[in-house]
Structures are given as C-alpha cells and as structure tokens.
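The values are calculated or read from the model by the stated rules, or taken from the named source; none is laboratory data. None of these values were measured; they are calculated from a predicted model. Note that we place each Cβ from the backbone using ideal geometry, even for glycine, and neighbour counts take in every protein chain shown.
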Amino acid sequence: MIKNEPKIREEKIDINRAQIEHRATWMGLIFDEIQNAGADAEAILRKAIRKCGRIHGENFRAQCADPNSCIDFRHAFLGEVGVKSFEMDNIEADHDNLKVEFNYCALVNAWKKLGFDDEKIALLCDIAMEGDRGIAEVMGLKLDLTDTIAKGCATCKLHFHK
C-alpha cells in the first residue's frame, strides 16, 4: 500500500509539484495509449526517458567543476526546489558516492489520481527512473535504487556511485 503525503507546503514547491504531476500524467496516459495500440509501451518509454536523462546529465556534467566528483554532481543535481519538492533528506556525498532519500513523490501522486493500481504505479516509477539512470550514465556513475515509495516503502533510496 503506497503512502505518499507531503509535509512541505510552500507556494513555489506546490507549483513545481504540479508541473511534475503534469509530466507524470502525460507519461501514464501515453503509456496506456501505446499499450492499447499493441506496441511495447514499456520499451518505448524506457528508451525515450533514458535519452531525456542523458540530455539532463550532459547539463549537470557541464555544471560540475570536477565532473568525476559526486560532491560536485550533488550540487548540480540537487537544487533547493527539487530537494524540497521531493522532500529529500539523508543526503550524503563524497568523491565516489551520492546517496539521497526522497520522502514524497509528485509522480506517484499523479498516477494515484489517474486511478492506477499499485503494480502499475511501481512499473511507471521504474520506467521514470530511466531518466536518473541516463543521468548516472553520462556522469560515469551507476545508480542503485533500493526502496521506492511506489513499492510501498517509506522513502525512495537512490545511490549514485562509481
């Protein structure tokens, strides 16, 4: 059973979350339409979202004084609005690792509003994480994703590492 309630309520953060939900709504509805058309929605979306992540990864890489440092990556990747929007905490960074926990997910919230069941939400979450995998790839990192809100965990735990 998915639990996903925000604690932070600020106008700018709510606006950002609404934008994230809009993106997730598109993703969920496009997934359904591709699937209904008889194509492999999962494969198509994974490929497109990974490409998007690689584009973002190039932007983050360009912002890093030392693109081989997870400390620099942390500062490029985890901006104030994003940290608050996903209610991130337990952020730890050293040269070879970046660990972060998300306590809220606007994407999950959007998919719940669409009436998707927990299994579909978990699948959409994993597909959406292709963006983060693409970012990691460009940064020369691996991404371990253990717990996720979409799977009913209290947090999403991301570990970018060499």
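Of all residues in the range 1-30, those that are more than 10 Å from Val108 (Cα to Cα) and among the acidic types (Asp, Glu) have Cβ atoms under 8 Å from Cβ atoms of residues that are at pLDDT 95 or above and part of a helix (DSSP H, G or I), 6 or more apart or on another chain, in Glu10/Lys84.
Applying the criterion of at least 2 residues that are farther than 25 Å from Phe31 by Cβ and out of contact with any strand residue (DSSP E or B) (no Cβ under 8 Å at 6 or more places or on another chain) to the helices (runs of 4 or more DSSP H) found wholly in the range 79-162 leaves 80-85.
Just wondering, is there one or more residues in the range 38-45 that are touching a residue at least 40 places away in the same chain (Cβ under 8 Å) and within 25 Å of Glu10 (Cβ to Cβ)? Among the residues of the range 38-45, not one is touching a residue at least 40 places away in the same chain (Cβ under 8 Å) and within 25 Å of Glu10 (Cβ to Cβ), which makes the answer no.
Only one of Ile34, Ile15 is modelled with pLDDT of 95 or more, aliphatic (A, V, I, L, M), part of a helix (DSSP H, G or I) and exposed (fewer than 14 other Cβ atoms within 10 Å of the Cβ). Can you tell me which? Walk me through it before giving the result.
Numbers: Ile34 fails: exposed (fewer than 14 other Cβ atoms within 10 Å of the Cβ).
Going through Ile34, Ile15 in turn, just one is modelled with pLDDT of 95 or more, aliphatic (A, V, I, L, M), part of a helix (DSSP H, G or I) and exposed (fewer than 14 other Cβ atoms within 10 Å of the Cβ): Ile15.
No other residue among Ala39, Ala48 is part of a helix (DSSP H, G or I), over 13 Å from the mean Cα position of the chain (by Cα) and modelled with pLDDT of 95 or more apart from Ala48. When the range 48-74 is filtered for residues that are without any contact (Cβ under 8 Å) to a residue 60 or more places away in the chain, surrounded by fewer than 18 Cβ atoms within 10 Å (Cβ to Cβ) and not hydrophobic (A, V, I, L, M, F, W, C), the ones remaining, listed by number, are Asn59, Gln63, Asp66, Ser69. Residue count for the range 84-98 satisfying the condition of being of a type in the set (A, V, I, L, M), surrounded by 14 or more Cβ atoms within 10 Å (Cβ to Cβ) and over 18 Å from Ala150 (Cα atoms): 2. Scanning the range 18-31 for residues that are surrounded by fewer than 17 Cβ atoms within 10 Å (Cβ to Cβ) and not hydrophobic (A, V, I, L, M, F, W, C), we see that the one that is nearest to Glu119 (Cα to Cα) is Thr25. Residues in the range 61-78 that are farther than 17 Å from Leu158 by Cα and in a helix (DSSP H, G or I) were compared, and the one that is nearest to the chain's Cα centre (by Cα) is Arg61. Among residues of the range 143-161 that are touching a residue at least 12 places away in the same chain (Cβ under 8 Å) and closer than 24 Å to Asn68 by Cβ, those with a beta-carbon under 8 Å from a residue that is small (Gly, Ala, Ser) and crowded, with 16+ Cβ neighbours inside 10 Å at least six positions away or on a different chain give the pairs Leu143/Ala136; Phe160/Ala136.
Every residue, every condition in (1) surrounded by 15 or more Cβ atoms within 10 Å (Cβ to Cβ); (2) out of contact with any Phe, Trp or Tyr (no Cβ under 6 Å at 6 or more places or on another chain); (3) β-branched (Val, Ile, Thr), yes or no:
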| residue | (1), (2), (3) |
| --- | --- |
| Val100 | yes, yes, yes |
| Asn103 | yes, yes, no |
| Lys113 | no, yes, no |
| Ala128 | yes, yes, no |
| Gly134 | yes, yes, no |
| Thr146 | no, yes, yes |
| Cys156 | yes, no, no |
